[in-house]
Amino acid sequence: MNTKYSAIATSLAALAATSATLAAAQQQPSFSVNNPPDTWQPGQTGTNQCTQKFGASSANSNCQTAYINSADDFCLFTPPSTATIGESERYEISYCTKSGYGTRLIPDGTITSSHFVKTPYFVQVVGTGDLTRIGVAAGDAGGELDPHGADGNGNPIGGLVYSNAMGGGYRQSMEWMQFISSNQFCFRACLAGSGEYQAQLCQHIYDVMGCNWVMPTNAYNEQGFDDCQGDAGDPPGIYNNFKSTFYQGQPSTPAAHPPPATSNCQAQPSPSNGLTSNPPSGGMADNHNGNNSSSSSSSSSSSTLSTSTSVFVSTSTVTASSISLAAFTPPSLSTNTVIVAPAASSTRASSSPNAADRSTVSSGATAFAAAVLAAAALGAAAVLPF
């Protein structure tokens, strides 16, 4: 193995482990769904008092609370006006399939498939659609949203997630993850089990891996709309009975876990709320603080579509400390490029990514790349289980 790459890979693994530990300690407070705060994180541009300020729904809502209840009753965090996920992740707002939450509405026909599953530990909805109708830039490779941004705040800042699917009323999800591009989405909210186990099931360190790897399911290849029960499966990136953890940047990428079993699937109607036109391109939430995007952890600038693999990859590069990382061709070291478009199957065919899966660090990751290089210069060491 190239000595220089080995040092960077091991340093990245160490940094990722540290990040995971710090994020686990940044547990968000609990808020009653009936008594939410106006705002609760520094820099939040929207609100969590959604129905109080916007009624059942509003085309100008800047609500930053989302719900996952079923295949026809869920929300997605997306830009308030047309933008890439990387540009807007700090200030994104909630669009929902149903009225009643004080959010903007997802127009009828936007979602072309959605598959909901309830497991003993989390709820999840995955699907496809023309998400340019709710602010995602056309062709955007997308990004990951979660409650652990680079500065300790969420992406979006102040984002809250709830579900009533587990019974007993609404539960707040302390650990959740959403991947979204211009044509695909997957959203998981962890609701049960220990805090550590929820953090493992709803990871936030695999932003370049995408839906098919992080949330494997056969549903990506299925049309229609349904609610299912299912097994939780294995936490993404954790192998060998919890003895090994994969970190992005290691020289070998393991295959995704097999899709967990599902059962008792019931067909549901397509999401509908009566709105047929696209939401306005502007709105109150567009008055965000422009420097919020400086701590972005996902980006899709300079993206291209690999038609042979149906995966968007970033081709942008960054130079940190006068050293270019573009020369390294093993798995991406990027913390702000995400691959989320549908692949041919729900698991990777090989444990070694092909060229189309390799992307270099994109421009928003300069500070992180510098930290990796600094750690490498100091000879930081980490165990590489693969």
Original post:
Using the per-residue mean of other Cβ atoms lying within 10 Å as a proxy for protection, in what order, highest first, do the peptides 212-219, 263-270 fall?
Top reply: 212-219, 263-270
Original post:
Can you pull the three principal axis extents for the Cα set of region 33-284, in Å, largest first?
Top reply: 48, 41, 39
**OP:** Please report F54, F31, F116 as a ranked list, fewest other C-beta atoms within 10 angstrom at the top and most at the bottom.
**Re:** F31, F54, F116
Original post:
What is the order of Y206, Y170, Y220, fewest Cβ neighbours within 10 Å to most?
Top reply: Y170, Y206, Y220
**OP:** Please give, to one decimal in nm, the separation of the simple spin-label points placed at D38 and N218, each 7 Å out from Cα toward the Cβ.
**Re:** 5.1
Subject >> Segment F242-Q266, length gained on full extension (0.36 nm per residue, minus Cα span) >> reply: 5.3 nm
**OP:** Treat the count of other C-beta atoms within 10 Å as a stand-in for reagent exposure and order E87, E92 from fewest to most.
**Re:** E87, E92
**OP:** Between beta-carbons, use under 12 Å as the cut-off and find the net charge around D207, counting Lys and Arg +1, Asp and Glu -1.
**Re:** -3
**OP:** Please label the shape of region 206-248 as rounded, prolate or oblate, based on the square roots a ≥ b ≥ c of the eigenvalues of the alpha-carbon gyration tensor (a/c under 1.5 means rounded; beyond that, a/b larger than b/c means prolate, else oblate).
**Re:** oblate
Subject >> Eligible aspartates and glutamates near K118 by straight Cα distance, threshold 13 Å, same-chain separation 8 or greater >> reply: D226, D227, D231
Original post:
Using a basic spin-label model with each label point 7 Å from the Cα along Cα→Cβ, how many nm lie between N60 and N164?
Top reply: 2.9
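All of the numbers you see were taken from the coordinates with simple rules; none came from a lab. Since the structure is predicted, the reported quantities are computational estimates derived from the model, not experimental observations. Heads up, the Cβs are rebuilt from the backbone with ideal geometry, glycines too, and the neighbour counts pull from every protein chain shown.
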